[in-house]
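These notes are about the structure you will find just below.
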Amino acid sequence: YFMIVCRSNRWDSNILGEIEETSIDALSTIFTESQQCFVMRSSFSVRERIWFLYQFLALYKAHRSTIAEYISLEIGKAITHSLVDVDYDINYIERHLEHAEEILASETIYKDQHTQHIAYYEAIWVAAVISPWNYPSSQLVWQIIPPLLAGNTIIYKPASACMWTAKCINDLLLNCLPHGVFQPIYGSSILWNELTKLPVDLIIFTGSTQVGQQIQYNAAQTMAQTHLELWWSAP
């Protein structure tokens, strides 16, 4: 195992902390654990998923200042802007938790005296999520909360430029969710490439068009669904 040293992006380059690097060999085991966890967790109701994430929301609020400070130290953003990002995240999580049952409820799409068609919204399975550096907390929240509420298990790789901020938030999630539901991995760009070659069921990525093209190629080999937000599209 190797340790990744996370440093401040300011003039002093102070060490923020160290994170154990995820080896490529460990990815297949992590993926298998995510599959097994999904099977065990599939019986959880939407209300139960919401309950777990309310515990996370409480911790997120309690660590608001620390998360904002890490964002500023790690990527150089002004602390006032970082606090705005974290407050936005809190509102985003609250809205999703308040409306998740309504959004994920079954829907009657056709009905007559003989027939009734009902659409049910179910999880896809294992989602690989890869986020960029520019909004370390917000990108994580945008990409993680909806698929968790939908019932997916997640393997999450943050950008190498903001791993310490991500670890701070990841540890809060790990403290609230059942084992295996959310599995963060840490490392260089080699890691996301190998991750997206695994037979995951969904890939969520925000980043450059060049990387998005490679991810789309990898996903095509296993027929994984992809949600890609590539530079300047901001859907």
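The values are calculated or read from the model by the stated rules, or taken from the named source; none is laboratory data. If you're wondering where the values come from, they're calculated on a predicted model, not measured in any experiment. In this analysis, Cβ positions are derived from the backbone assuming ideal geometry, glycine residues included, and neighbour counts consider all displayed protein chains. With ligands, DNA and RNA removed, areas are computed over all heavy atoms of the protein, side chains included. Shrake-Rupley method; radii C 1.70, N 1.55, O 1.52, S 1.80 Å.
Ellipticity at 222 nm from helices only: DSSP H runs of n ≥ 4 in the chain, each -39500 (n - 2.57), divided by the residue count, give -16500 deg cm²/dmol. What residue among Y110, Y120, Y70 has the largest mean-square fluctuation in a Gaussian network model of the chain, using Cα springs under 10 Å? In the Gaussian network model the winner is Y110. Remark: region 23-70 carries 56 Å² of accessible area per residue (probe radius 1.4 Å; ligands, DNA and RNA excluded).
Here the accessible area is traced with a 1.4 Å probe on the protein chains. For the chain, carbon and sulfur cover 54 percent of it. Which residue fluctuates most in the GNM of the chain (Cα springs below 10 Å): A105, A219, A159? Of A105, A219, A159, the most mobile in the Gaussian network model is A105. The lysine pair tally for the chain, using Cα distances under 24 Å and a gap of 8 or more places or different chains, is 8. Charging the Cβ of each Asp and Glu at -1 and of each Lys and Arg at +1, and nothing else, the dipole of region 51-201 about its Cα centre rounds to 400 debye.
A Förster radius of 45 Å combined with the Cβ-Cβ distance from V5 to S42 puts the calculated FRET efficiency at roughly 0.70.
When the charge dipole of region 1-57 is built from unit charges on Cβ atoms (+1 for Lys and Arg, -1 for Asp and Glu) and taken about the Cα centre, the candidate among Q55, G17, T32 whose Cα reaches farthest toward its positive end is Q55.
Can you check how the C-alpha radius of gyration of region 96-190 compares to 2.2 N^0.38 Å, as a plain ratio?
1.38
Averaging 1/r across all pairs of distinct Cα atoms in region 1-118 and inverting the result yields a Kirkwood radius of 18.5 Å. Solvent-accessible surface of region 154-225, taken per residue with a 1.4 Å probe and all protein chains present: 38 Å².
Principal axis extents of the C-alpha atoms in region 171-235 (largest first, rounded to whole Å): 34, 26, 22.
Applying a DSSP loop filter and a limit of 12 other Cβ atoms within 10 Å to the trypsin sites (Lys or Arg not before Pro) in region 1-108 leaves R10. Over the chain, the reciprocal of the mean inverse Cα-Cα separation, the Kirkwood hydrodynamic radius, stands at 18.6 Å. Can you check what the net charge comes to around R7, using other residues whose Cβ is under 12 Å from the Cβ of R7 (Lys, Arg +1; Asp, Glu -1)? In short, -2.
Note on the chain: antiparallel DSSP beta bridges, both residues inside, total approximately 35 percent of the bridges counted.
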